[in-house]
Structures are given as C-alpha cells and as structure tokens.
Amino acid sequence: MVNVTLFSQIIAKLNRSKFKKLVKEHQTDKHNKGFDSWNHLISMLFCHFARSKSVRDISN
C-alpha cells in the first residue's frame, strides 16, 4: 500500500529537470558534501509546511 500525502503531491508538482538545469547553471552543488540543492529545497519546504521555527524542531 502506498501512502500518498499532501506533501508528496506538492513535491510531485515540482519540475525536477528544470530545477537540475538551474542548479547546473548557477553551480549551487559545486561544493556540496552529501546534501545537495534538491534535498535542501525539500527539507526547507517541509519545515515551512510543518510551521517549525527551526530545522531542529523536525529532527527530533
């Protein structure tokens, strides 16, 4: 059984190929160490939708 959440539906609407093109154009992943721009975007969106005050709120 697949658990489809509102958050996953929102993420599915994002154009990942266009995002990758922008990342390559602006070289935002040039010096990343395992936490790329896509993961950063997803975690920041999750924090925003969860209305957390910091990332530490959701890591616990």
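Within the range 18-55, restricting attention to residues that are surrounded by 10 or more Cβ atoms within 10 Å (Cβ to Cβ) and among the acidic types (D, E), the residue that is farthest from L6 (Cα to Cα) is D29.
Tell me, which helices (runs of 4 or more DSSP H) wholly within the range 1-58 include 2 or more residues that are among the charged types (D, E, K, R)?
16-26
No value in this document is a laboratory result; all are computed from the given coordinates. Keep in mind that this is a model prediction, so the values were computed, not measured. Cβ sites come from the backbone with ideal geometry, for glycine too, and all protein chains shown count toward neighbours.
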